[in-house]
1. Can you pull out the residues in the range 355-375 that are crowded, with 21+ Cβ neighbours inside 10 Å and either closer than 30 Å to residue 76 by Cα or not assigned by TED's automatic domain parsing to the domain that holds residue 262 (or both)?
2. Would you call residue 457 at pLDDT 95 or above and assigned by TED's automatic domain parsing to the domain that holds residue 326?
3. Within the range 376-461, which strands (runs of 3 or more DSSP E) (wholly inside it) include 2 or more residues that are surrounded by fewer than 16 Cβ atoms within 10 Å (Cβ to Cβ)?
4. Would it be correct to say that residue 105 is without any contact (Cβ under 8 Å) to a residue 24 or more places away in the chain and more than 13 Å from residue 123 (Cβ to Cβ)?
5. For the range 190-236, enumerate the residues that are touching a helix residue (DSSP H, G or I) at 6+ places or on another chain (Cβ under 6 Å) and closer than 30 Å to residue 462 by Cβ.
6. List every residue pair whose Cβ atoms sit under 7 Å apart, with the two residues 6 or more apart in sequence or on different chains, where the first one lies in the range 191-204 and is without any contact (Cβ under 8 Å) to a residue 24 or more places away in the chain and the second, anywhere, is part of a loop (DSSP other than H, G, I, E, B) and surrounded by fewer than 20 Cβ atoms within 10 Å (Cβ to Cβ).
7. Could you list, in sequence order, the residues of the range 55-78 that are out of contact with any strand residue (DSSP E or B) (no Cβ under 6 Å at 6 or more places or on another chain) and at pLDDT 90 or above?
8. Among (1) modelled with pLDDT of 95 or more; (2) touching a strand residue (DSSP E or B) at 6+ places or on another chain (Cβ under 6 Å), where does residue 436 come up short?
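The values are calculated or read from the model by the stated rules, or taken from the named source; none is laboratory data. These numbers come from a predicted model, not from an experiment. Neighbour counts are summed over all protein chains in view; Cβ atoms, including those assigned to glycine, are modelled from backbone coordinates with ideal geometry.
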């Protein structure tokens, strides 16, 4: 009995000792905690991988946005640039492993802003990143998402070739009031709205005019117009072209590009008024040269060259070879373009105007005219709308050169017998032919009394705004 009690006490002591020993619990708890710890470490690795993949895709999105703004892609339309940007994204995103279901949205938008175009690119993407240890708890993927955007303006380098009509028809009074003044002061001549400039006028051309102090003879109608303070259409053209030189210089600086300019006149021959080496800083010199722009001075009515009035095409009264001027400029210069070359009468084969090595400026022809030719052809005097003899305009546009046409309305002159006999029969076709010569969106008509300066400036702004959308 005593032994039983002793054994019982010893067993109780052992039980008490075991109850006080916690070392087994630590091992159990540690084992139990390993699962969430491993899971947490796995999730951390998976999230780090997801972040790395998302950062890589975000970097590709940034590169894609900038790619659409490279000088080369800026010469393409927004639609084409968007397609090429999507191709770039696809090729780069395919190299990011461990992803699935990655989709992209890329938009390229062009917005006119004054004389330039702002291109805006937006890129966004979404998809999933594959997981490894996290999949043990049922999370097989993590989301991916990001976006990028960029914008830029790029105005192309352009050479502008101005062909200005200086034939006697440009000597018409500029406004209806001025026309009325000229007609009322030339009643002895039958009423003439033109301020004809003549070096050796015959008596009929000066009948009723006051005496010119420099010749002591009745002055020509050009002298009369100046004495009466009448503004002529050629005066407004002079002001408009001069103003355009300032506008072009300011616009080139604003758009961080260069504009070259060549100014030619056309009457019975092509004349070179100003040419530059295609550097925009020379536009101030062009403005000074344009100040000399004036109408053709003939010998007298019916005779351009005093000592050669009977020669075909060299002295008769054909004095508006507009088709010849367009054809001459449209004969492309065979020399390769460089900033050291002068354009002369001939335009260069146009480039994209990106400024990249090997690329040339874009070429653009500006015509300022009333759209009527008066030329010698096949033994006959031809008076007709532009492009009647040959369609030079279409040939030039086919070479990738755009044409802007500022049409100065050829006003009906019912008091003038010459007009009634020779111009009135095709009056309704003049504007139509001029518009057909111009490139789409680059035709403007200015009626008598209209603001030629504003019209030419606006036409220039439209031309440079749309200049780079060429592919």
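1. 361, 362, 363, 364, 365, 366, 367, 368
2. no
3. Per the criteria, 380-385.
4. Judged against the criteria, residue 105 is not a match.
5. Correct list: 231, 232, 233, 234, 236.
6. Filtered contacts from the range 191-204: no entries.
7. 55, 56, 59, 60, 63, 67 - these are the residues of the range 55-78 that are out of contact with any strand residue (DSSP E or B) (no Cβ under 6 Å at 6 or more places or on another chain) and at pLDDT 90 or above.
8. (2) is the only condition that residue 436 fails.
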